[in-house]
Amino acid sequence: MRATTLGALLCLALTQTPAEAASKQVRIAYVEWADAVVATNILKLALEEKGYEVKTIPLAAAAMWQAVATGDADASVAAWLPVTQGAYYEKLKNRLELVGPNVTGAKIGWAVPASSPLNSIEDLKTKSAEVGGQVIGIDPGAGIMKSSEAAIKAYGLPVKLVDGSDATMTSALKDAVRQKKDIVVTAWTPHWMFARYELKYLADPKKAFGDDESVNTIVRKGLKDDMPEVYAVLQKFKLTVKDEEAVMAENEEKGAKPAETAAKWITKNRATVDGWIK
């Protein structure tokens, strides 16, 4: 009986069409931001438990949205809306499906050490010298950088926005905290820096950075019909800001591997993951 069963399975594998084989492959695009790395790795492991082969594709934000819109990627759980990546959504919303938020209570803006005398973006009009006349930013072209440029104009600030990357921004923050110096950095929640350092957002009375953001799941057109099981998991996939920041902080430890920290989180949150996949 056992031999017969194994033979039948082997026969099925050999006669499986390429389309049938591909139906078990899922392609997830993401931006290499700390929060997206956490969410994507957790989702990857969850889908693998369902028997899928999951390929994760790191891309720039614009390319991530384009990949989902063209069907080169099946989904992404790294879509920041309504402000940060809103321009991409408006351009491509008719070519993809917005499933909805997977993280709520997200936020973008400028952050400073909790001990800073700065409390509002407006304070930089007269106190910019205390931070060297600079706001330390990330990748040029990123949504938060565009919002930062808009904030500088809206408030009439005598500051320069310095571009770089997530890594260079957090390195500058680390140095400033260690030296007990003031600094203004582009910031977003969830981010591991809020779990590691005592920080505060500068008030934004002109709403240059908008209100609270959410991180959303987007999928290619047709996914709901041809991969209903995957679509159902994506609908239920949710994380909290606290969850993501804790795993992000672990990923910053020397020698940490995102796949391993994701597996550790899944073990600790088994009931939550079972709710997505069962």
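The values are calculated or read from the model by the stated rules, or taken from the named source; none is laboratory data. All values derive from a computational prediction rather than experimental measurement. Quick reminder, even Gly has a Cβ in these numbers, built from the backbone with ideal geometry, and neighbours come from all protein chains shown. Remember, those area values only see protein heavy atoms, side chains included, never the ligands or the DNA or RNA. Shrake-Rupley method; radii C 1.70, N 1.55, O 1.52, S 1.80 Å.
Of note:
- Note on the range 88-119: residues that are open to solvent by 20 Å² or more (accessible area, probe 1.4 Å) and under 23 Å from ALA172 (Cβ atoms) amount to 5.
- The set of residues in the range 68-114 that are charged (D, E, K, R) and at pLDDT below 95 contains only LYS107.
- Within the range 225-250, residues that are at negative phi and open to solvent by 80 Å² or more (accessible area, probe 1.4 Å) sit with their Cβ atoms under 9 Å from residues that are polar (S, T, N, Q) and modelled with pLDDT of 95 or more, at 6+ positions apart or across chains, in these pairs: GLN235/THR217; LYS238/ASN102; LYS238/THR104; LYS238/THR272.
- Failed item, numbered, when SER214 is tested on (1) touching a helix residue (DSSP H, G or I) at 6+ places or on another chain (Cβ under 8 Å); (2) under 30 Å from ASP123 (Cα atoms); (3) surrounded by fewer than 19 Cβ atoms within 10 Å (Cβ to Cβ); (4) not charged (D, E, K, R): (1)
- Residue-level analysis places GLY141 among those that are at positive phi, of a type outside the set (Val, Ile, Thr) and within 22 Å of the chain's Cα centre (by Cα).
- Check on LEU124, open to solvent by less than 70 Å² (accessible area, probe 1.4 Å), more than 22 Å from GLU252 (Cα to Cα) and assigned to a loop (DSSP other than H, G, I, E, B): no
- Screening VAL219 on (1) modelled with pLDDT under 95; (2) over 14 Å from ALA46 (Cβ atoms); (3) within 20 Å of the chain's Cα centre (by Cα) shows it passes everything except condition (1).
- When residues of the range 74-120 are limited to those that are within 19 Å of the chain's Cα centre (by Cα) and in a loop (DSSP other than H, G, I, E, B), the one farthest from TYR201 (Cα to Cα): ASP74
- Criterion: closer than 19 Å to ASP212 by Cβ and in contact (Cβ under 8 Å) with a residue 60 or more places away in the chain - qualifying residue of LYS146, LYS107: LYS107
- Residues being within 22 Å of TRP33 (Cα to Cα) and either in contact with a Leu (Cβ under 9 Å, 6 or more places away or on another chain) or not charged (D, E, K, R) (or both) - total across the range 98-131: 15
- For LYS180: the one exception among (1) open to solvent by 10 Å² or more (accessible area, probe 1.4 Å); (2) closer than 23 Å to ALA61 by Cα; (3) out of contact with any strand residue (DSSP E or B) (no Cβ under 6 Å at 6 or more places or on another chain): (2)
- Close pairs (7 angstrom Cβ cut-off, 6 or more residues apart or separate chains): at positive phi in the range 110-135, open to solvent by 70 Å² or more (accessible area, probe 1.4 Å) and outside any loop (DSSP other than H, G, I, E, B) anywhere: GLY133/LYS160
- Members of the range 252-278 that are surrounded by 13 or more Cβ atoms within 10 Å (Cβ to Cβ) and at pLDDT below 95: GLU252
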